[in-house]
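Asks: A single structure is presented below for examination.
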2 protein chains.
Amino acid sequence: MSTLRARQKEDRRKRIVSSAKALFKEKGYEKTTIENIAEATGVSGVTVHNYYGTKAGVLLALVVENDEALIARLNESLPTEDIDLVELVVSFAHVIMDHAITHLDKEIWRQVIAAVTTEAGTRLSEAYFRLDQQLAYVLVNRIEAAQAAGAIPAKVDPVHLGKALFHLQNARFVQFISSDAMSREEIETRLRNDMSALFSVCLG
Amino acid sequence: MSTLRARQKEDRRKRIVSSAKALFKEKGYEKTTIENIAEATGVSGVTVHNYYGTKAGVLLALVVENDEALIARLNESLPTEDIDLVELVVSFAHVIMDHAITHLDKEIWRQVIAAVTTEAGTRLSEAYFRLDQQLAYVLVNRIEAAQAAGAIPAKVDPVHLGKALFHLQNARFVQFISSDAMSREEIETRLRNDMSALFSVCLG
DNA sequence: CAAAAATTTTTATTCAATAAAAAAATTTAT
DNA sequence: ATAAATTTTTTTATTGAATAAAAATTTTTG
């Protein structure tokens, strides 16, 4: 039995995030105040704080919501056969960057990264990390498939490789959003260079 | 001829950063107010803002100062001969993590990372990135040396490899400071796993 | 030494964040 | 169905970061 209170709470949550998303898009992150979000939602400013703790908390909730769709999109758009490892990671990065800029602009993504690190250990940053984990495993799964198909040596640990490549991709993603002038093309080139260099080392 | 004004300015700058460092250590970052720093320095709160823009700006100035010493330390403590690539990067990471926690605690490093991303494009974040660049080149130089010694194949591009490995190391560093419970040992293990997996791929 | 220029301080305002008390709504028990 | 108990929201108030503009002070220059 879902009580009236539980339903009201869920409803308010949704409305707060939805108002926030609209306002962030319209006025940018810095310029929208908690009070703006509260007013647009029809609650008091303190209620927004009660629900999400901080303005960044509202933003993280919004991002986590969007990213569920990202994982689905990655799973369907990434190739499963004839996988070249470098191209796999570049496509992965491409989809992520495309998803990012169609939903929010770079200025806001910078706030997201900042919030995730300062709010380490809170409920919302945990949710964000779980999503990162899931993203990494999209890569891991494709690597396992490529290995099964014989495109990658059997001695390679797909979990470690997937995570390492995810971190690398993520570092380049942060670089992408850190400057408005940085293009996806440039980032993709850098990612290719990273991997070419790494894969040419060939230890034991 | 350095004018009196220039000298006073330089002096105030130093005193502000020095007071801030002491206060951050004593009370933590969140608990020290700009007003505290101003009072300890003997200037007004607005002056601190005039000098560094934000509280995070003061923190970045402090970090940049410390990191000059880090580069020197890395250059002397890292091996130049008989270099194993994996061990080189692990030592590199080890020195950086050690340096980090002896100077400031993890909570404060989280603020540093956050500040660098939100304040992208400002004078101080630029200075931080230049230092990151220099750090990456410490690695590049050692790789070049290892290559000259024949420990790494000639086809490897040392600049791309150095930067890629620096990014990887940096991602793990962020993971290190993101949780108080995360140990250096654990991070070093992960870094080894990352590299083992990457170096076992061996593309054409 | 006085006028000009630069810098700091004072003063004031907005907004995030937090806490505590008051008010309003829902739930539960009768 | 209603009154008491509980939960939730709102009101009210406070602290501190950030910013802006005017006033005061100090240094520089002629």
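Asks: Conditions: (1) within 22 Å of residue A:118 (Cα to Cα); (2) modelled with pLDDT of 95 or more; (3) within 16 Å of DNA strand D (Cβ to nearest atom). Residue B:107 meets all but one. Number of the miss?
Replies: Condition not satisfied by residue B:107: (2).
Asks: Give the number of residues within the stretch B:152-186 that are at the interface with another protein chain (Cβ under 9 Å from one of its Cβ atoms) and among the charged types (D, E, K, R).
Replies: Residues meeting the conditions: 5.
Asks: State the number of residues belonging to the stretch B:128-148 that are within 11 Å of the chain's Cα centre (by Cα) and aliphatic (A, V, I, L, M). Please lay out each step first, then the result.
Replies: First, the residues of the stretch B:128-148 that are within 11 Å of the chain's Cα centre (by Cα): B:128-136.
Remaining after also requiring aliphatic (A, V, I, L, M): B:131, B:135-136.
Number satisfying all stated conditions: 3.
Asks: If I filter the stretch A:110-141 down to residues being among the β-branched types (Val, Ile, Thr) and under 30 Å from residue B:121 (Cβ atoms), which single residue comes out as modelled with the lowest pLDDT? Walk me through how you get there before you give the answer.
Replies: First pass over the stretch A:110-141, keeping only residues among the β-branched types (Val, Ile, Thr): A:112-113, A:116-118, A:122, A:138, A:140.
Still in the list and also under 30 Å from residue B:121 (Cβ atoms): A:112-113, A:116-118, A:122.
On the way: A:112: 96, A:113: 96, A:116: 95, A:117: 95, A:118: 92, A:122: 87.
This residue is A:122.
Asks: While we're on this one: Can you give me the number of residues within the stretch A:105-130 that are among the polar types (S, T, N, Q) and closer than 17 Å to residue A:171 by Cβ? Spell out how you get there, then give the answer.
Replies: Taking the stretch A:105-130 and keeping what is among the polar types (S, T, N, Q), we get A:111, A:117-118, A:122, A:125.
Among the residues that remain, those that are also closer than 17 Å to residue A:171 by Cβ are: A:117.
Counting residues in the stretch A:105-130 that are among the polar types (S, T, N, Q) and closer than 17 Å to residue A:171 by Cβ gives 1.
Asks: What is the one condition in (1) under 15 Å from the mean Cα position of the chain (by Cα); (2) outside the structural domain of residue B:111 (by TED's automatic domain parsing) that residue B:92 does not satisfy?
Replies: (2)
Condition check ((1) in a helix (DSSP H, G or I); (2) polar (S, T, N, Q); (3) in the same structural domain as residue B:119 (by TED's automatic domain parsing)) across all residues:
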| site | (1), (2), (3) |
| --- | --- |
| B:12 | yes, no, no |
| B:21 | yes, no, no |
| B:30 | no, no, no |
| B:35 | yes, no, no |
| B:43 | no, no, no |
| B:67 | yes, no, yes |
| B:79 | no, no, yes |
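Asks: Which of the residues belonging to the stretch A:81-117 are in a helix (DSSP H, G or I), touching a residue at least 60 places away in the same chain (Cβ under 8 Å) and not hydrophobic (A, V, I, L, M, F, W, C)?
Replies: A:94, A:98, A:106, A:107, A:110, A:111
Asks: Let me ask something else about it. Can you give me the number of residues within the stretch B:45-80 that are within 11 Å of DNA strand D (Cβ to nearest atom) and surrounded by 19 or more Cβ atoms within 10 Å (Cβ to Cβ)?
Replies: 7
Asks: Evaluate the following for residue B:42: is it within 14 Å of another protein chain (Cβ to nearest Cβ), within 16 Å of DNA strand C (Cβ to nearest atom) and exposed (fewer than 15 other Cβ atoms within 10 Å of the Cβ)?
Replies: Numbers: within 14 Å of another protein chain (Cβ to nearest Cβ): no; within 16 Å of DNA strand C (Cβ to nearest atom): yes; exposed (fewer than 15 other Cβ atoms within 10 Å of the Cβ): yes.
Taking the combined requirement at face value, the residue does not satisfy it.
Asks: Please find, within the stretch B:187-202, the residue that is surrounded by the fewest Cβ atoms within 10 Å (Cβ to Cβ) out of those that are hydrophobic (A, V, I, L, M, F, W, C) and within 8 Å of another protein chain (Cβ to nearest Cβ). Working first, answer last.
Replies: As a first pass, look at the stretch B:187-202 and keep what is hydrophobic (A, V, I, L, M, F, W, C): B:187, B:191, B:195, B:197-199, B:201-202.
Next, from what is left, pick out any that are within 8 Å of another protein chain (Cβ to nearest Cβ): B:195, B:197-199, B:201-202.
Values: B:195: 23, B:197: 22, B:198: 25, B:199: 18, B:201: 21, B:202: 15.
Filtering the stretch B:187-202 for residues that are hydrophobic (A, V, I, L, M, F, W, C) and within 8 Å of another protein chain (Cβ to nearest Cβ), the one surrounded by the fewest Cβ atoms within 10 Å (Cβ to Cβ) comes out as B:202.
Asks: Would you please name the residue that is farthest from DNA strand D (Cβ to nearest atom), looking only at residues in the stretch B:29-39 that are farther than 17 Å from residue B:116 by Cα and surrounded by 13 or more Cβ atoms within 10 Å (Cβ to Cβ)?
Replies: B:39
Asks: Shifting gears a bit: Just to be sure before I move on: is residue A:12 in contact (Cβ under 8 Å) with a residue 12 or more places away in the chain, surrounded by 10 or more Cβ atoms within 10 Å (Cβ to Cβ) and more than 24 Å from residue B:118 (Cα to Cα) in the structure I sent? It would help to see each step written out before you state the result.
Replies: Numbers: in contact (Cβ under 8 Å) with a residue 12 or more places away in the chain: yes; surrounded by 10 or more Cβ atoms within 10 Å (Cβ to Cβ): yes; more than 24 Å from residue B:118 (Cα to Cα): yes.
For residue A:12, the condition - in contact (Cβ under 8 Å) with a residue 12 or more places away in the chain, surrounded by 10 or more Cβ atoms within 10 Å (Cβ to Cβ) and more than 24 Å from residue B:118 (Cα to Cα) - is met.
The values are calculated or read from the model by the stated rules, or taken from the named source; none is laboratory data. Only a predicted model underlies this, so the values are computations on that prediction, with no experimental measurement involved. Using ideal geometry, Cβ is built from the backbone for each residue, glycine included, and neighbour counts are taken over all protein chains shown.
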